[in-house]
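The values are calculated or read from the model by the stated rules, or taken from the named source; none is laboratory data. Just so we're clear, the structure is a prediction, and the values are computed from it rather than from any experiment. Glycine gets a Cβ as well: all are built from the backbone with ideal geometry, and neighbour counts include every protein chain shown. What goes into the accessible areas is simple: the full protein's heavy atoms, side chains included, and nothing from ligands, DNA or RNA. Shrake-Rupley method; radii C 1.70, N 1.55, O 1.52, S 1.80 Å.
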Amino acid sequence: MCGIVGYIGREPAAPILLDGLAHLEYRGYDSAGIAVCKPGGGLEVYKSKGRLEVLSASIDGGVHLPGCTGIGHTRWATHGEPNDVNSHPHVSEDGTFSLVHNGIIENYLEIKESLQKNGVRFTSDTDTEVVAQLLAYYYREGVDILSAVFKVLHRIEGAYALGILCADQSDMLIAARKDAPLLLGYSEGGQFIASDVTAILRHTREVSYMEDGEVAVLTREGIQVYNSLKQPITKERHHVDWEVSAAEKGGYEHFMFKEIMEQPQAIAKTIAPRIRDGQVHFDGLNLTEDAIRDVKKIFILACGSSYHVGMVGKYMLERLLRIPVEVTLASEFRYCDPIVNPGTLAIVISQSGETLDTMAALREAKARGAHVLSIVNVVGSSIARESDDVIYTWAGPEIAVATTKAYSTQLAVLDLLGLYFAKIMDTISPETYTEILEELQRLPEKLEQVLAHKERIQYFASQYFNHNSVFFIGRNLDYAMGLEGSLKLKEISYIHSEAYASGELKHGTISLIEPGTLVLALGTFDPLFDKALSNVIEVKARGADVLALTTEERAADMAKIASGVIAIPSTHQLLLPSLGVVPLQLFAYYVALNRGCDIDKPRNLAKSVTVE
Ligand code: M6R
């Protein structure tokens with residue numbers, strides 16, 4: 001999705017903005033641009049369709065632009081095709097205002113028509129341009145800049161994070177937010193705005209998160225924030241402890257590969273602080289032990305891979321807690337009139353903490369009376385702030401669009417939560433509790449063993465990367481894990497791929513199996529291993545190439561039938577997806593590599609989906 005960065009300070013803004021935008025590239029974009037205030041007044045705007053390098057090369061990396069106040073944007077087209085004109089920043093017809101915007105202005109057509117009737121001429125097809133034109137329109141009526149901004153915010157509907165420059169005021173940058181992430185950064189050398197902290201991490205780790213309705217005025221000296229009633233307020237500052245290097249490739253060819261390799265450490269970092277004296281602790285939860293005992297139903301709400309974590313979580317939590325767990329796509333939840341009774345807990349899962357559909361589901365669950373506990377990777381993100389309780393995954397910044405370490409750490413948190421709840425609900429024996437907890441602590445070491453066999457997976461990828469259609473089949477936890485394996489493959493390699501519960505094969509899908517079809521048969525879950533074997537025989541009989549995933553104990557049996565076998569170490573059966581998903585991530589990675597795909601920035605996808 002779109003990215004925003006803005007700077008006001010003592011240094012020339014353009015190189016800082018371009019560097020910031022480079023750190024936002026991972027979010028997905030189709031065009032980029034910057035605007036800088038000229039020292040003597042006026043604005044310079046440069047923007048172009050395509051990669052950031054194109055823009056950067058066209059202005060020599062910005063080194064000849066002296067202005068010290070500026071805004072930058074990476075655009076992911078919603079209204080109007082990706083082209084130079086529709087790119088941000090947008091400028092009012094009279095050249096007074098330039099701005100960047102994330103989100104969607106829902107009533108833009110009505111405002112556009114009314115401005116056009118007043119003689120304002122538009123150049124782009126975007127919703128954003130109305131904000132610049134409306135600002136200039138109010139400003140021409142004689143109000144000051146800040147008042148014009150508030151008037152605009154009262155008039156527009158929808159979601160926005162805005163960075164605004166005025167040609168008449170080169171020492172001021174204005175920011176506003178509603179339903180789209182925006183943060184403020186403070187440093188000795190100047191002040192920043194950013195849609196994502198990675199854009200400014202090189203310059204500062206002191207940030208404030210803007211709330212809906214707030215407007216910030218940034219000058220070289222500092223930042224003044226106003227609430228929606230235009231009253232000055234003081235913002236709390238937070239220290240971000242992510243390492244700058246964590247958001248950089250560090251010698252790896254791709255962020256995705258680096259993040260796959262980081263999973264053992266990410267899981268260790270996520271679970272270690274929550275385990276003391278052989279027990280799981282979640283300090284500071286608002287959900288009391290009594291309230292946990294009263295939980296009668298759990299909803300898991302999420303999108304994409306986070307939803308797949310929920311699918312694994314359902315099997316695991318129902319097994320441990322003996323209460324129903326319903327996993328619902330966040331994008332569906334608010335439209336399905338969900339039944340939320342007393343004793344309903346909503347677990348919301350999101351890496352970014354900014355996914356719009358997930359946020360909407362959270363609000364729906366809350367409005368219906370559920371206690372909302374979120375599992376989030378980005379500290380201070382919107383979902384984290386609106387939840388009744390938040391448990392952070394300590395995965396560090398995840399840059400590749402295809403999630404890997406976020407998935408693994410979310411799963412680890414759910415495992416911990418399952419144990420924590422089961423003990424309080426008295427649905428687990430002390431022996432089983434200890435066994436699962438010890439195995440959880442061994443996951444990082446076992447994951448290292450899985451990663452050590454990456455060349456074997458690379459070999460299989462080189463054999464199968466030309467297939468056009470791939471099926472992942474499995475039962476129970478293997479099915480849930482297959483959903484993620486299939487998503488990984490399709491999103492980065494563009495191969496058509498589906499995940500099916502093996503039992504469903506006979507009900508339709510098997511008609512698609514023909515000689516040469518690639519089937520990834522997932523058979524790690526020991527209680528159903530024989531059934532997994534039968535399904536492999538079934539698809540082999542129809543000519544499929546079968547690459548199987550199973551445990552080391554079962555590898556020899558599987559090898560008698562499957563064309564190729566990948567084996568993972570054994571662990572407690574509820575934790576198998578944590579190990580099994582890694583070969584599937586690697587398989588997708590190597591297949592995409594063989595196909596020459598843009599692995600970290602797959603086509604049409606964005607890291608954080610902040611529109612519906
Ligand atoms: O930030 P979130 O976890 O809320 O994002 C949800 C999905 O958009 C995300 O998992 C997406 O499916 C990934 N690209 C999968 O790799």
Here are the criteria: (1) under 17 Å from the mean Cα position of the chain (by Cα); (2) away from the ligand (no atom under 16 Å from the Cβ); (3) of a type in the set (D, E, K, R). Tell me which single one Asp426 does not satisfy. (1)
Can you tell me which residue among Leu201, Leu184 is among the aliphatic types (A, V, I, L, M) and outside any loop (DSSP other than H, G, I, E, B)? Leu184
Residues that are surrounded by fewer than 23 Cβ atoms within 10 Å (Cβ to Cβ) and more than 14 Å from the ligand (Cβ to nearest atom), drawn from region 392-417: Trp394, Gly396, Leu416
Number of positions in region 306-319 that are open to solvent by less than 10 Å² (accessible area, probe 1.4 Å) and away from the ligand (no atom under 16 Å from the Cβ): 2
Taking region 84-101 and keeping only residues that are surrounded by fewer than 16 Cβ atoms within 10 Å (Cβ to Cβ) and not acidic (Asp, Glu), one is left with Val85, Gly95
Residue among Glu435, Glu386, Glu364, Glu398 that alone is over 25 Å from Arg177 (Cβ atoms) and assigned by TED's automatic domain parsing to the domain that holds Arg322: Glu435
For helices (runs of 4 or more DSSP H) lying entirely in region 528-612, having 3 or more residues that are without any contact (Cβ under 8 Å) to a residue 24 or more places away in the chain and surrounded by fewer than 20 Cβ atoms within 10 Å (Cβ to Cβ) picks out 529-541, 555-559
Looking only at region 334-352, count how many residues are at pLDDT 95 or above, within 19 Å of Ala606 (Cβ to Cβ) and open to solvent by less than 20 Å² (accessible area, probe 1.4 Å). 2
Would you confirm, using the coordinates I've provided, whether Ala346 is within 16 Å of the ligand (Cβ to nearest atom) and either within 24 Å of Leu477 (Cβ to Cβ) or in a loop (DSSP other than H, G, I, E, B) (or both)? yes
Could you look through region 349-384, keep only residues that are more than 13 Å from the chain's Cα centre (by Cα) and not hydrophobic (A, V, I, L, M, F, W, C), and pick out the one that is farthest from the ligand (Cβ to nearest atom)? Gly369
Would you check if Ile233 is β-branched (Val, Ile, Thr) and in contact (Cβ under 8 Å) with a residue 24 or more places away in the chain? no
Go through (1) open to solvent by 20 Å² or more (accessible area, probe 1.4 Å); (2) more than 23 Å from Ala159 (Cβ to Cβ); (3) more than 16 Å from the ligand (Cβ to nearest atom) and name the single condition Asp389 misses. (1)
Under 8 Å by Cβ, and 6 or more places apart or on different chains, what pairs join a residue from region 108-137 that is farther than 15 Å from Ile156 by Cβ with one that is open to solvent by less than 30 Å² (accessible area, probe 1.4 Å) and assigned to a loop (DSSP other than H, G, I, E, B)? Ser124/Gly80; Ser124/Asn86; Asp125/Gly80; Asp125/Asn86
Ser331 vs. criteria touching a helix residue (DSSP H, G or I) at 6+ places or on another chain (Cβ under 8 Å), within 14 Å of the ligand (Cβ to nearest atom), open to solvent by 10 Å² or more (accessible area, probe 1.4 Å) and in a helix (DSSP H, G or I): yes
Given the conditions (1) assigned to a helix (DSSP H, G or I); (2) open to solvent by 10 Å² or more (accessible area, probe 1.4 Å); (3) touching a residue at least 40 places away in the same chain (Cβ under 8 Å), report the number of the one that Lys490 does not fulfil. (3)
With criteria (1) touching a helix residue (DSSP H, G or I) at 6+ places or on another chain (Cβ under 7 Å); (2) in a helix (DSSP H, G or I), Ala406 comes up short on (1)
Within region 205-216, the count of residues that are assigned to a strand (DSSP E or B) and open to solvent by less than 20 Å² (accessible area, probe 1.4 Å) comes to 4
Which of the residues spanning region 482-520 are closer than 13 Å to Phe587 by Cβ, hydrophobic (A, V, I, L, M, F, W, C) and in contact with a Gly (Cβ under 9 Å, 6 or more places away or on another chain)? Leu487, Leu520
Have a look at Gly482, Gly474 and point out the one that is more than 16 Å from the ligand (Cβ to nearest atom) and at pLDDT 95 or above. Gly474
What residue, among those in region 234-264 that are under 30 Å from Val217 (Cα atoms) and basic (Lys, Arg), is most open to solvent (accessible area, probe 1.4 Å)? Arg237
Is it fair to say Phe282 is of a type outside the set (Lys, Arg) and surrounded by 20 or more Cβ atoms within 10 Å (Cβ to Cβ)? no
Please determine, by comparing only the residues of region 272-305 that are assigned to a strand (DSSP E or B) and touching a strand residue (DSSP E or B) at 6+ places or on another chain (Cβ under 6 Å), which one is nearest to the ligand (Cβ to nearest atom). Ala302
I'd like the full set of residues that are open to solvent by 10 Å² or more (accessible area, probe 1.4 Å), assigned to a helix (DSSP H, G or I) and of a type in the set (Gly, Ala, Ser), limited to region 102-139. Ser114
Taking Asp241, is it within 13 Å of Ala395 (Cα to Cα), of a type outside the set (Val, Ile, Thr) and modelled with pLDDT under 95? yes
